1. Among the residues of segment 119-153, what is the count of those that are in a helix (DSSP H, G or I), in contact (Cβ under 8 Å) with a residue 12 or more places away in the chain and within 29 Å of the chain's Cα centre (by Cα)?
2. What is the one condition in (1) surrounded by 14 or more Cβ atoms within 10 Å (Cβ to Cβ); (2) under 20 Å from the mean Cα position of the chain (by Cα); (3) under 30 Å from Ile149 (Cα atoms) that His116 does not satisfy?
3. Residue by residue through segment 16-28, note down the ones that are among the hydrophobic types (A, V, I, L, M, F, W, C) and modelled with pLDDT of 85 or more.
4. I'd like the full set of residues that are surrounded by 12 or more Cβ atoms within 10 Å (Cβ to Cβ) and hydroxyl-bearing (Ser, Thr, Tyr), limited to segment 61-85.
5. Is it fair to say Arg31 is without any contact (Cβ under 8 Å) to a residue 60 or more places away in the chain, open to solvent by 70 Å² or more (accessible area, probe 1.4 Å) and more than 30 Å from Asn148 (Cβ to Cβ)?
6. Limited to segment 86-113, what total is found for residues that are surrounded by fewer than 12 Cβ atoms within 10 Å (Cβ to Cβ) and either on the phi > 0 side of the Ramachandran plot or among the β-branched types (Val, Ile, Thr) (or both)?
7. Return a yes/no flag: does segment 74-91 have any residue that is small (Gly, Ala, Ser), part of a strand (DSSP E or B) and either in contact with a Phe, Trp or Tyr (Cβ under 6 Å, 6 or more places away or on another chain) or within 30 Å of Asp12 (Cα to Cα) (or both).
Amino acid sequence: MPDLPTQKAKMDKVVAIDDKQTDYADAGPHRVPGLSLRVTPSGKKTWAINARRPGRQYASRFTLGAPRDMTLTEARDAALKFKASLRDGTDPMAERTAKRAAATAARRDVIDDLIHAFAKHCETVNKTGAEQTSMLLNDVLPHWKGRNIKTIT
């Protein structure tokens, strides 16, 4: 794994070696062990940290963000915070998964998504559901758009 240049001008010119995904390890006096800049052959760059989650035997790679969103110093700070939370016994990946699941569940309760999901179901399973689908999309949806199904009595 090659070392990451610490100068901004040189960091912008980092490319994938031999058209393969390449990880550049954080180097220098303020380096954070496990922090790397991953560069894909297409040129996409992401900050990543290798760390072991609580209760896991092997280290995993976690994406911290893109270099356009955070500098090397900010990536180092984020990596240190991430590692500190792992040492405290919390699992940031489990928290992220729980947040995404809650957001998805909340979005599933919006009538727009339910009507479109039902329309798709009717198209694939029930070939005669065109009339019901048309009624839902043209008559029901305009009046109830954006409403949470739990608020409808």
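1. Qualifying residue count, segment 119-153: 3.
2. Of the numbered conditions (1) surrounded by 14 or more Cβ atoms within 10 Å (Cβ to Cβ); (2) under 20 Å from the mean Cα position of the chain (by Cα); (3) under 30 Å from Ile149 (Cα atoms), the odd one out for His116 is (2).
3. The answer is Ile17, Ala25.
4. Thr71, Ser85
5. Numbers: without any contact (Cβ under 8 Å) to a residue 60 or more places away in the chain: yes; open to solvent by 70 Å² or more (accessible area, probe 1.4 Å): yes; more than 30 Å from Asn148 (Cβ to Cβ): yes.
In short, yes.
6. Matching residues across segment 86-113 total 3.
7. no
The values are calculated or read from the model by the stated rules, or taken from the named source; none is laboratory data. Just so it is clear, the model here is predicted, and its values are computed rather than measured. Cβ sites come from the backbone with ideal geometry, for glycine too, and all protein chains shown count toward neighbours. Calculation scope for accessible area: heavy atoms of the full protein, side chains included, ligands and nucleic acids excluded. Shrake-Rupley method; radii C 1.70, N 1.55, O 1.52, S 1.80 Å.
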